[in-house]
Amino acid sequence: MEPDFWHARWQGKQIGFHEGKANTFLVKHFSRLPVAPGARVFVPLCGKTRDIAWLLGEGFRVAGAELSRIAVEELFAELAVVPEVTTDGALTRFSAPGLDILQGDIFALTRDTLGPVDAVWDRAALVALPKDMRARYAPHLVALTDAAPQLLVCFAYDQSLLAGPPFSVSPEETRTLYGADYMVAEIEAAPVPGGLKGQCEAIEHVFLLERA
C-alpha cells in the first residue's frame, strides 16, 4: 500500500487491525523460537502493538519498524516511556532501554541501522502488503535479519470477497516467499471467529520459520 494510505488510517484512527492486548498466537507459540530472555526481537510494521509490551515483560529486547510517527508516539505513551529521538539516515529512531523503533519506510531500513536481531515476530507486516510488495518485502526482511528465526501469522481467505488489507496470504505463497531461506513449518491453523471483518470466512495460519 502507498504510505499515504497508512498515514490516513492513523490520522483518522481507523486502526481496526490494532489489538488491545498481546496476540494469542504470540503468547502461545513464541517459546518455539530458539531464543532466551535478553534476545533482541524484531517486529516489522509494528504500529503500537501490545505485543511489544508483552515481549518486554518477558525479558526480551525489541526492535520495531513503523511508517507512522503517530503510531510510534502512541506506543511510547502507552508504555509510559519517554524515548530519545534521533535521526538515523532516512529514518527516525525512538530509543529507550531495551526498545528501538525505527520510524519511516521499512524499505529504507538497512541491516546496519537495524542492528543484530535474534528473532522476528510478524503478525501484521506481510499481510499488510499487496502481492507485488510481499515479493519485495520477504527477501528484504531476510537480508535485514540475516534469516533470523521467525514466527509468522497469515490470513487465508477468498480475496475476491474482500479487499485487503489484511491481504490473503496462502500457505503455498508463504512457502514460495520463504522456502529458499527457511524451513517453513505450519504449527497452527484456526478460523477467524465471526469471519474477517465480519464479511468472509478466513483462516489464520501460524508458521515457524527456521534457517534452512
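Solvent-accessible area per residue in the stretch 40-152 equals 37 Å², computed with a 1.4 angstrom probe and all protein chains kept. The stretch 69-122 and the stretch 174-195 have Cα centres separated by 27 Å. Counting other Cβ atoms within 10 Å of each Cβ, which chymotrypsin sites (Phe, Trp or Tyr not before Pro) in the stretch 51-114 have at most 13 and sit in a DSSP loop? Here no chymotrypsin sites (Phe, Trp or Tyr not before Pro) fit, given the DSSP loop and packing criteria. Annotation: amide H-H contacts under 5 Å for ALA65 (H modelled 1.01 Å from N, sequence separation of 5 or more, or interchain): VAL43, LEU45, CYS46, LEU102. Residues of the stretch 150-191 falling in the label zone of ARG211, defined by backbone nitrogen less than 19 Å from a point 7 Å along Cα to beta-carbon, are 150-152, 178-185.
When every Cα-Cα distance of the stretch 116-212 is counted in 5 angstrom steps from zero, the calculated P(r) takes the values 3, 14, 25, 26, 17, 10, 5, 1, 0 percent.
Phi angles across the stretch 135-150 convert, under the Karplus curve 6.51 cos²θ - 1.76 cosθ + 1.60 with θ = phi - 60°, into 3J(HN,Hα) values of 5, 8, 5, 4, x, 5, 5, 4, 5, 4, 9, 6, 6, 4, x, 9 Hz, Gly and Pro given as x.
Label-to-label distance for ARG69 and THR176 is 3.8 nm, based on points extended 7 Å past Cα in the beta-carbon direction.
Taking 1.306 mPa s as the viscosity and 10 °C as the temperature, the Stokes-Einstein diffusion coefficient of the stretch 18-115 based on its alpha-carbon Kirkwood radius rounds to 117 µm²/s. Highest GNM mean-square fluctuation among GLN159, GLN150, GLN103, for the chain modelled with Cα contacts below 10 Å: GLN159.
Adding -39500 (n - 2.57) for every DSSP H run of four residues or longer, then dividing by how many residues the chain holds, sets the calculated 222 nm ellipticity at -8000 deg cm²/dmol.
Taking the 1.4 Å solvent-accessible surface of the chain as the whole, the part contributed by carbon and sulfur is 53%. Stretching the chain fully between ALA96 and ARG111 yields a gain of 3.4 nm (0.36 nm per residue, less the alpha carbon separation). Among the protein heavy atoms, those of SER31 account for about 100 Å² of accessible surface (1.4 Å probe, every chain in place). In the stretch 150-212, which trypsin sites (Lys or Arg not before Pro) are in a loop and have at most 15 other Cβ atoms within 10 Å, using DSSP for the loop call? Qualifying residues, ordered by number: LYS197. In this simple spin-label approximation, THR24 and ALA80 carry label points 7 Å from Cα along the Cα→Cβ vector, and these lie 2.9 nm apart. Here's how it looks for ASP88: its modeled amide H is under 5 Å from those of ARG93, which are all 5 or more places away or on a different chain. With θ taken as phi - 60° and the Karplus curve 6.51 cos²θ - 1.76 cosθ + 1.60 applied, the whole-hertz 3J(HN,Hα) list for the stretch 38-53 is x, 5, 9, 10, 9, 10, x, 6, 7, x, 10, 3, 6, 4, 5, 4 Hz, x standing for glycine and proline.
Rolling a 1.4 Å probe over the protein chains gives ASP146 an accessible area of about 70 Å².
Compared with the direct C-alpha span, the chain from ALA163 to ILE187 gains 6.0 nm at full extension, assuming 0.36 nm per residue. Residue ranking by accessible heavy-atom surface, 1.4 Å probe, largest first, among THR24, THR110, THR92 comes out as THR24, THR110, THR92. A 1.4 Å probe over all protein chains sorts LEU177, LEU152 by accessible area into LEU177, LEU152, starting with the largest.
The values are calculated or read from the model by the stated rules, or taken from the named source; none is laboratory data. This one's a predicted model, so the numbers in the text were calculated from it and none came from an experiment. Neighbour counts are summed over all protein chains in view; Cβ atoms, including those assigned to glycine, are modelled from backbone coordinates with ideal geometry. We work out accessible area using only protein heavy atoms, side chains counted, and drop any ligands, DNA or RNA first. Shrake-Rupley method; radii C 1.70, N 1.55, O 1.52, S 1.80 Å.
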